[in-house]
1. Scan the stretch 76-104 for residues that are closer than 12 Å to Ala30 by Cα and of a type in the set (S, T, N, Q) and report the count.
2. Return the total of residues in the stretch 199-222 being assigned to a loop (DSSP other than H, G, I, E, B), modelled with pLDDT of 60 or more and not hydroxyl-bearing (Ser, Thr, Tyr).
3. Show the residue pairs meeting these rules: Cβ distance below 8 Å; 6+ apart or different chains; first residue within the stretch 87-102 and surrounded by fewer than 17 Cβ atoms within 10 Å (Cβ to Cβ); second residue modelled with pLDDT under 90.
4. If you check Pro192 against the conditions, is it in a helix (DSSP H, G or I), under 24 Å from Arg94 (Cα atoms) and in contact with a helix residue (DSSP H, G or I) (Cβ under 6 Å, 6 or more places away or on another chain)?
5. Please go through the stretch 67-125 and give me each residue that is charged (D, E, K, R) and either more than 30 Å from Asp55 (Cα to Cα) or within 9 Å of the chain's Cα centre (by Cα) (or both), ordered by number.
Amino acid sequence: MVLSAVAARPARRRTEPGVVVAKTIVHVLALLPAIWLAWQIRNEAVLGTGGLGADPVAAIEHFLGQWAIRFLMITLAVTPLRQLTGKAVLLRFRRMLGLYTFFYATLHFAAWMVLDLRLDASQIGAAIAKKPFITVGFAAWLLLLPLAATSFQRAMRALGRRWGQLHRAIYVIAVLAVLHFWWLVKSDIREPLLYAAIAAVLLGWRVWKRLRPSPPRRAATG
């Protein structure tokens, strides 16, 4: 056992630089939408180029919401991809992608509060309470808070098995996020329908894996 563990260490070291490079690339790609939006906002404010369309506030909120739900779907796709490919290294990207989901969801929520409602607490509270699409969106963001707060090694060690149970809330978040988007668009539902289909496949995969009967174990011989 000791010899096999020692022999395995060099292999882990050889793969580590590749993982670091891959994570760096993922970080850069994940930040590109935010950088692009910041540049568009700068052009709109300084040059008045109109790159954000006739309603810049709605464009900003929609853009951030789109990327939040995209990262949510990508995060949900990590486990099925790992199971299909057998590449356990994919799991090392799951928390990072989940945090980018929270990052864009928080920007989306903040843009709505600041740009739309000017941080008017009474209007914010009334909208959350009275508009169902905002209610479910706010609920999804609230559920993301403890997931983001516990997406670190110290929290994982402190929570133990409860960490996995807590992070299953992402399934509820996916349903609420799709519902939020669906109710928001009202008429042209093609885009939320696409995300609903993706979420159904990713969640359905997990249900199928859980309910699928385990293959019979071979009797030991010899």
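1. Matching residues across the stretch 76-104 total 1.
2. 5
3. Short answer, once both residue conditions are applied: Val89/Thr15; Val89/Val19; Arg92/Val19.
4. Judged against the criteria, Pro192 is a match.
5. Scanning the stretch 67-125 gives Arg70, Arg82, Lys87, Arg92, Arg94, Arg95.
The values are calculated or read from the model by the stated rules, or taken from the named source; none is laboratory data. None of the values given here were measured: they were computed from a predicted structure. A quick note on method: Cβ atoms are made from the backbone with ideal geometry, for glycine too, and the neighbour counts reach across all protein chains shown.
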